[in-house]
Amino acid sequence: ARPFATGEQLTLQLHFEKSGVRDVVFTTGSRNALDLLLSRWPGVQRTLACLPGEYGPNLAVMAAHGFRWRLLPVDDTGRLVLDETATALATDPPSLVHLTPVGSHRGLVQPLAQMADICRGLGVPLVVDAAQALGQIDCAVGAEAVYSSSRKWLAGPRGVGALALRPALAELSAAGPE
C-alpha cells in the first residue's frame, strides 16, 4: 500500500481502481502524465487518432515524442461520429486513440464509454485525458490509460496529477531513465 499525501490522491486512486487498473503513478499534472506515458510508449509506429481541437500543449507533447496524429470524424457540433470512427480505426489502426471526453473550451461531452467499446473491439489502446472530465462523468470505462490533474474539477491542489494504467501498459510506469 502506498501512503497518500492528500485526500485528492486517495480519491484518484479509488476511482482508478474501480476501472481495473494495475498501477497509478502520481505526477505533477496532466501534461506530465501524458509526457511520461508517451515517452515510454512501446513500438516504432507513432500514430494516434484524436479529436479536432485537441488541446495544443497535448499536441506539442505528442509531437515531441514523434507521434503523428490524424483526426477522428465529428459532426457539425464537434461530437464523435461513432460509426465513421469505428470504420476509420478498423481500416487503418493507429498506435493509440487519445480522447478528451470533456474539452475545456466547449464543454461538449463525448461518448467515452462507446468509444472505449469500439477501441477494445478493435484492439486499439485508448488513452483518456480526463483533466476536465474526472469527477464530472464516469471515466472508469476500461481505457488502457487515464490521466488527470486534481486541480480542475476535483478542486485539488496544483501539482497533483495521476496516470492510471491497465495491466497491458503497467510496465510503462516502472522506474527508468528520465
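The values are calculated or read from the model by the stated rules, or taken from the named source; none is laboratory data. Please read all numbers here as calculations on a predicted model, not as lab measurements. Note: ideal-geometry Cβ built from the backbone for every residue, glycine included; neighbour counts use all protein chains shown. These accessible areas exclude ligands, DNA and RNA; they are computed on the full protein's heavy atoms, side chains included. Shrake-Rupley method; radii C 1.70, N 1.55, O 1.52, S 1.80 Å.
Data overview
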| item | result |
| --- | --- |
| Scan of the range 78-91 for residues that are surrounded by fewer than 17 Cβ atoms within 10 Å (Cβ to Cβ) and touching a residue at least 12 places away in the same chain (Cβ under 8 Å), ordered by number | 78, 79, 82, 90 |
| Candidates 36, 72, filtered to the one that is surrounded by 15 or more Cβ atoms within 10 Å (Cβ to Cβ), among the hydrophobic types (A, V, I, L, M, F, W, C) and free of Cβ contacts under 8 Å to residues at least 60 places away in the same chain | 72 |
| Among the candidates 124, 109, residue that is at pLDDT 90 or above and out of contact with any Leu (no Cβ under 7 Å at 6 or more places or on another chain) | 109 |
| Elements of type strands (runs of 3 or more DSSP E) in the range 42-141, at least 2 residues being of a type in the set (D, E, K, R) and more than 25 Å from residue 29 (Cβ to Cβ) | none |
| Complete set of residues in the range 42-69 that are crowded, with 20+ Cβ neighbours inside 10 Å and in contact (Cβ under 8 Å) with a residue 40 or more places away in the chain | 48, 49, 50, 51, 55, 58 |
| Of residues in the range 132-178 being open to solvent by 40 Å² or more (accessible area, probe 1.4 Å) and among the hydrophobic types (A, V, I, L, M, F, W, C), the one modelled with the lowest pLDDT | 175 |
